[in-house]
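The values are calculated or read from the model by the stated rules, or taken from the named source; none is laboratory data. None of the values given here were measured: they were computed from a predicted structure. When we count neighbours, we look across all protein chains shown, and the Cβ atoms used for this are built from the backbone with ideal geometry, even at glycine. Accessible surface areas use protein heavy atoms only, side chains included; no ligands, DNA or RNA. Shrake-Rupley method; radii C 1.70, N 1.55, O 1.52, S 1.80 Å.
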Amino acid sequence: MHTLINQLLSRADHIILGKSLQVRLAVCCLFCKGHLLIEDIPGVGKTTLAHTLAILMGMNYQRIQFTSDLLPSDIIGASIFDVDNHTFKFHPGPIFNQMVLADEINRSTPKSQSALLEAMEEQQVTVEGKTYPLPTPFFVIATQNPSHQLGTFPLPESQLDRFLMRIELGYPDHQAERELLKGSSRRSLIEKLTAHMSAEQLFVIQQKVIDVHVSDALLDYLQGIIAYTRISSDYAAGLSPRAGIALLHAAKAWAYMANRDAVLPEDVQAVLPSVAGHRLKPGSHDSQAIVAPILENVPVF
């Protein structure tokens, strides 16, 4: 499986140039069954990354463009009257795909944003009192523009907390940008991509991630991090139990991707900015700076 994972990462790196860490974090998020938020300015490859991962992992993919006039029914679906049968028939919306790209999610109103809450938390949607299960696997990758840009609605804490990770792509370095300027368009390269992994293989990886060993000493370190965020004056509110579980799952996936059967403190430190940054200070642009005091003050047991 690790050869398969390394090949997948290599193919993704061929599309998303100069962003190996961000690609690896995105794959890590999917391996531990999490949803991913990508925040950055337009034009740096957020949508390209989501589309690339969907194809390589062999998943059904649907993009939803979030706008100020988007309605919840445009996401979930709606019941439409069937004249022939004289009954209402539910027509599923784009949420009924294995991977959903919520593009520019903060350009829609909070009412439309909330349409994703049940889907992301329980992998189901409820319409007119009836519950419909979503496909397996199911992932939401959302892109978000910086909150200072015009026409944006900040995501509430409850929505942010549904995303296991938040990453930022940033501008490419000099060499990567030169390759972008000289090479083929990313869209044409994506069109040539084929599935590199099946749903069954992804399920096997997710199960192996669950089985990665976590020692008591590592749990002490993890709980030390969580406790520090709750008592430190640097943060208005500390990490919730759900955030702690998310951090543990991400660290296990990171360890598995490194071909290890046990989690090390370095695995926790590697994923901490992406898992904790948006929970400790929603909307901040520097996750690394947010978690820096934690890494400096919490001892490794």
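Within the chain, which DSSP H helices have Cα atoms that stretch 15 Å or more along the helix axis and a mean Kyte-Doolittle hydropathy of at least 1.6? Each step should come with its number before you reach the end.
Values: long enough: 2-15 (20 Å, -0.05); 20-31 (16 Å, 1.72); 46-56 (16 Å, 0.94); 199-210 (17 Å, 0.66); 216-231 (22 Å, 0.61); 241-257 (24 Å, 0.53); 265-280 (20 Å, 0.08); 287-297 (17 Å, 0.70).
Helix filter hits for the chain: 20-31.
Net charge of the neighbourhood of GLY93, taken over other residues with C-beta under 14 Å away and scored Lys/Arg +1, Asp/Glu -1, is -1. Computed 3J(HN,Hα) for the stretch 62-67, one whole-Hz value per residue from the Karplus formula 6.51 cos²θ - 1.76 cosθ + 1.60 where θ = phi - 60°, is 9, 9, 10, 7, 7, 9, glycine and proline marked x. Return the percentage of antiparallel bridges among DSSP beta bridges fully within the stretch 1-154, rounded to the nearest 5 %. Restricted to the stretch 1-154, the bridges split so that about 45 percent are antiparallel. Among the listed options (1) 68, 47, 42; (2) 71, 43, 35; (3) 99, 58, 32, the one matching Cα extents along the principal axes in Å as calculated from these coordinates is (1).
Which of the peptides 123-135, 240-252 is most tightly packed, and how do the rest follow, going by the mean number of other Cβ atoms within 10 Å of each residue?
Values: 123-135: 12.9, 240-252: 20.0.
Result, highest mean Cβ count within 10 Å first: 240-252, 123-135.
Looking at the chain, the accessible area is 47 square angstrom per residue; that uses a 1.4 Å probe and ignores ligands, DNA and RNA.
On the accessible surface of the chain, probed at 1.4 Å, how many percent belong to carbon and sulfur atoms?
Here carbon and sulfur together make up 53 percent of the probe-accessible area.
When shorter helices are ignored and each DSSP H run of at least 4 residues is given -39500 (n - 2.57), the per-residue value for the chain at 222 nm works out to -14000 deg cm²/dmol.
Considering only alpha-carbon pairs that sit under 8 angstrom and 6 or more positions apart, the relative contact order computed for the stretch 88-152 is 45 percent.
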